[in-house]
Structure formats: structure tokens, C-alpha cells
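The values are calculated or read from the model by the stated rules, or taken from the named source; none is laboratory data. On a predicted model such as this, the values are computed, not experimentally measured, just so you know. Neighbour counts are summed over all protein chains in view; Cβ atoms, including those assigned to glycine, are modelled from backbone coordinates with ideal geometry. To get the accessible areas, we keep the full protein, side chains included, count just its heavy atoms, and leave off ligands, DNA and RNA. Shrake-Rupley method; radii C 1.70, N 1.55, O 1.52, S 1.80 Å.
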Amino acid sequence: MSVLEFENTQGIMLTYSTASVLHRLASYFIDMVILGVTLAFLSIFIAASQTFGFAIMALVFIFYTLLMEIFNDGRSLGKMALGLKVVRIDGRPVTGYDCLMRWMFRWVDIYMSLGSMAAVLVSATPRSQRIGDLLADTTVIHTKNLRIPLKRLMDLNRLSSYKPVYNGAAQLSEEQVLLAKETMQRSLKYKNQSHKEALHTVADRIADILGAPRPENAQQFLQTVIKDYIALTR
């Protein structure tokens, strides 16, 4: 299992753990059980025409995973049961083409090798990817976000006697405050002009929301706003 970090479409940095071989294998077996039960029921209702019935059952078996991942947000029933989901590494929504690539190469790294190739690759690659994932730029994650909740970012005991500077900070959403925090962290980690501009852009935007003057020190302003938000909303 590894950790995957990417920005979603709202610009929020999200952190998830990738699914282990064991979890992916368990979801596969759940899907096989569900398919087995479904095909058993189908065989009862369409027994009158064996040729037609076998064709229908073959189509259900072959295209089950592909159709579920396309129309159910990257999740088969087995993945749903274990809280797993297919995502793109770059954070963009998974497309039908991505699902098709993953499905096509299931025949290579799962069926033809009895799952051994997929197990080796998922265990060995940094982002737990089998061949289909590598080609589609996807992986499978646990859907529970590992990001630390905002209220744990600071020691609340130190804020017991804190007097907020910007009382309007309470009207900010948690997503806005998280974006401010993560923009600060990235500007400290990547000291280049683009991240510096992003820091000032976020600071100016929050200042506008609060009706405050444009800050000269964006880093200090955002740190104060975060402390105010926590003090006012805890």
C-alpha cells in the first residue's frame, strides 16, 4: 500500500491510500460471487433457449467490470463493498477510455496469468498499478480520505485565550480554509514565482471575502485567518 496525493477539480489537495493486493483480490472475489449468483438466476429464466442464454450470460460475464466502472464512478460492486474506487493519478475524472484500457488488459495481467502478473505489479509499483492502470494512468484507492481534519491542524489548547483578528473568518467554508493552508504549504515547499503568485491570489481572494485590506504579507495573513477560523468555529 502506498499514499496517493493529488488535487481535485476544486484545487483541494487530497491524500488517499492505494488499495493493497489483498483488498483488490477480495473485491475481485466478491464480484465473482455476485456474477455467479446472477448467472445462476439468468440460467433459470432463459433455459428455454440455450444458445441465446449462453450468449447473454457470456456478455454479462465479459462486460460486467467495464460497464460497472464506466457507469458507477469507477466502482464495481466488489469495490463498493470494500470502499475501493478507480481514480486517475492526475486527479481528473476517470473516462470511459480509461476504463476500457483497464478492462482490455485484465485479460493479460489477471485472466491469462491467473492474477499473478497483476499481484506482482501492484506490489512492486510505487502507485500500486497493474498493466491496465499503467496504460490508463489510473490506480485503485481506498475512498476514505487520509487528510488530517482541519481542527487537528493546531493545538486548540493554545487558542483558548486567543482573540480573533478577523471575526468574519467564521463565514469561510472548510474547503476555503484548507485551500489556504495547502497553498501556504506548497509555497514553502516550492519556492518559485508561480506558487508565490498563487499564495497572493488566495490571500487576496480571502481578504475580499472578509472585507479586509489586501495583505502585504500573504503568508502571515493566511496563518491568522486559519487561527481565527478555528477559534471561532471550534
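Just for the range 162-175: of the residues that are open to solvent by 70 Å² or more (accessible area, probe 1.4 Å) and within 20 Å of Gln220 (Cβ to Cβ), which one is modelled with the lowest pLDDT? The qualifying residue modelled with the lowest pLDDT is Lys163.
The one condition from (1) at pLDDT 90 or above; (2) within 25 Å of Asp73 (Cα to Cα) that Ala124 does not meet is (2). Selection of the range 176-198 for residues being assigned to a helix (DSSP H, G or I) and either basic (Lys, Arg) or at pLDDT below 80 (or both) yields Lys181, Arg186, Lys189, Lys196.
Scanning the range 127-161 for residues that are under 24 Å from Ala81 (Cα atoms), at pLDDT 80 or above and open to solvent by 90 Å² or more (accessible area, probe 1.4 Å) yields a count of 1. Please list, ordered by residue number, the helices (runs of 4 or more DSSP H) wholly in the range 13-125 having 3 or more residues that are open to solvent by 50 Å² or more (accessible area, probe 1.4 Å) and without any contact (Cβ under 8 Å) to a residue 24 or more places away in the chain. Where helices (runs of 4 or more DSSP H) fall fully within the range 13-125 and carry at least 3 residues being open to solvent by 50 Å² or more (accessible area, probe 1.4 Å) and without any contact (Cβ under 8 Å) to a residue 24 or more places away in the chain, they are 21-45, 50-71, 116-124.
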